[in-house]
1. Ala93 to Asp189: extension gain in nm, 0.36 nm per residue of separation minus the Cα-Cα distance?
2. Please compute the length gained on full extension between Glu77 and Asp142, using 0.36 nm multiplied by the number of residues separating them and subtracting their Cα-Cα distance.
3. Assuming a ≥ b ≥ c are the square roots of the Cα gyration tensor eigenvalues, decide whether the stretch 42-113 counts as rounded (a/c under 1.5), prolate (otherwise, with a/b larger than b/c) or oblate.
4. On full extension of the chain, what length is gained from Lys259 through His229, given 0.36 nm per residue of separation minus the C-alpha to C-alpha distance?
5. Could you tell me the calculated FRET efficiency between Asn242 and Asp169, based on Cβ-Cβ distance and R0 = 25 angstrom, to the nearest 0.05?
6. Once you sort the root eigenvalues of the Cα gyration tensor of the stretch 158-268 as a ≥ b ≥ c, which label holds: rounded (a/c under 1.5), prolate (a/b larger than b/c) or oblate (the other case)?
7. To the nearest 20 debye, what charge dipole does the stretch 129-214 have about its Cα centre, counting +1 at the Cβ of each Lys and Arg and -1 at the Cβ of each Asp and Glu?
8. Quick one: which of Lys178/Lys259; Lys167/Lys254; Lys123/Lys162 span more than 25 angstrom between C-alpha atoms?
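Read-outs: derived from the displayed coordinates by stated rules, not from any lab. Every value quoted in this text rests on a predicted model; they were computed, and no experiment measured them. FYI the Cβ positions are ideal-geometry reconstructions off the backbone, even for glycines, and counts take in every protein chain you see.
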Amino acid sequence: MSVVGLLKKSAIVLLLASASVAGLSGCANKNKQQHLVYEERPVELLYQTGMESLDQKSWTDAVTYFEEVQRQHPYSEWSRRAIVMIIYAQYQADHYVEATAAADQFIKLYPGSDLTPYAYYMKAICAFEQIVDVGRDQAYTDSAKGLLSDVVRRYPNSEYAKDARVKLDMVQDQLAGKEMDVGRWYLNDNQPLAAIGRFKTVASDYQTTSHTPEALYRLVEANEMMGLHEEATRDAAVLGYNYPGDRWYARAYKLMTEKGEKPAIAPDPNGKKGPEAPDTKKKKSWLSFMKFS
């Protein structure tokens, strides 16, 4: 009977229960215990059932079937593909640690495979999905930055690299947001010198992000607090030159004119505005990137 015929004939259950009774003397009162045992099945059937579990979004069941493929047929082509499917299923189940571990396993076993770029990519995506808001520790953001950069470096012309570059822009914006958050705290705590260090980092290291116009404005604000009027005028000029139509330059212009100072140019409502924040990250089906040979 064909694999399809077997699938249609009955639902496949990978783990079957079998009972065993304790026979040791002095243990007569023990209850019967259930043990899970593996049933050997054709690899094609196991793999196909795992794929059907994926289609049904039964991620845990899918992992179970693909792990059984690995157990019964290690180092085979079926096992190679099963590990990739485990990466995907664990990712979809939000089991990022397990997905990353499976990706590391694949990279170790098949460093030259056509699917290895996918494993590197999924490691980066798992870190990316765990990025938290800027008010919390950014360890996953730093990790995602390194892993995404690694994908771009290793596979610069791939679809993975294309998407990784988009994600890197979002990561940069996140890291800049963290610097801004800390800088604002220092500013509100009347520590303008410490705040200036944070805002300068954004203006220099993250200048293509959506936070740059505000960072330049905050530099104007902090320098004015310290009485450094020349520095404030310089930062306002940079802000006005690059973002003449941005609301942050309008605020800087107002701040300085109220203090009897005047920036180089008046705000231009039709001028260049600051960059917009990246789109909110959305979880996608990264399986679509895979190319099986």
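1. Extra length from Ala93 to Asp189 when fully extended: 30.3 nm.
2. 19.9 nm
3. It comes out oblate by the Cα gyration axes.
4. Stretched fully, the Lys259-His229 segment lengthens by 9.8 nm.
5. So the FRET efficiency works out to roughly 0.85.
6. Here the stretch 158-268 falls in the oblate category.
7. Dipole size: approximately 240 debye.
8. Cα-Cα > 25 Å for Lys178/Lys259; Lys167/Lys254; rest within.
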